[in-house]
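Below is one structure; the comments refer to it alone.
The values are calculated or read from the model by the stated rules, or taken from the named source; none is laboratory data. On a predicted model such as this, the values are computed, not experimentally measured, just so you know. All Cβ positions, glycine included, derive from the backbone under ideal geometry; neighbour counts span all protein chains shown.
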Amino acid sequence: MSRELVPLNQPVFDQLHPNVYWTAVGLVAWFVVSAWVFFDRGGQTALSLAFVTVLLLMAVGLPWLLSLIWRKYRMPGEQRSRKLPFRDWRSGEFAVWQAKLHGMQAAIDILLPLAAVAFGLTAIGIVFAIVSATSP
């Protein structure tokens, strides 16, 4: 543990690490798969699940397409970002509005709601499957 009250020479990042984005995409995919596996009973539920799937596909796909366009049409003087290890990103600071968060804390704050929804839906689906299997 350091004796400094304010850590000096900590890198400050203003963009998320790609691992955070990929983890978010994985959690959204987990949500969609668990919804289809546990709650698809045929009939009218399939249409609702299809709409939710399309909505989440757009929520993930549009930012991805925008990032591809942004990478292709960068300004001539804009510097290419180098590959930064996740360990360095998480130990640095992440700039949010007028404050700074520790990198790992920022990743947790971003991914925690997605993880809660994905794992919560899975838990509800498991309970739903158990109850429907044991009921006469």
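Data table
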item	result
Those residues of region 124-133 which are at pLDDT below 95 and closer than 14 Å to Trp36 by Cβ, in sequence order	Phe128, Ala129
Filter result (farther than 17 Å from Asn9 by Cβ and in contact with a helix residue (DSSP H, G or I) (Cβ under 8 Å, 6 or more places away or on another chain)) within region 91-105	Val96, Leu101, Met104
Count of residues meeting criterion [in contact (Cβ under 8 Å) with a residue 60 or more places away in the chain and either surrounded by fewer than 14 Cβ atoms within 10 Å (Cβ to Cβ) or touching a Leu at 6+ places or on another chain (Cβ under 6 Å) (or both)] in region 36-45	1
Selection within region 46-83 - of a type in the set (Val, Ile, Thr) and surrounded by 13 or more Cβ atoms within 10 Å (Cβ to Cβ)	Val52, Thr53, Val60
Odd one out for Ala107, checked against (1) in contact (Cβ under 8 Å) with a residue 40 or more places away in the chain; (2) more than 14 Å from the chain's Cα centre (by Cα)	(2)
Among the candidates Phe86, Phe128, Phe94, residue that is surrounded by 11 or more Cβ atoms within 10 Å (Cβ to Cβ) and over 22 Å from the mean Cα position of the chain (by Cα)	Phe128
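Residue-wise test of (1) in a helix (DSSP H, G or I); (2) modelled with pLDDT of 95 or more; (3) in contact with a helix residue (DSSP H, G or I) (Cβ under 6 Å, 6 or more places away or on another chain); (4) closer than 18 Å to Trp22 by Cβ.
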| residue | (1), (2), (3), (4) |
| --- | --- |
| Ile69 | yes, no, no, no |
| Arg80 | no, no, no, no |
| Leu84 | no, no, no, yes |
| Ala115 | yes, yes, yes, yes |
| Thr122 | yes, yes, yes, no |
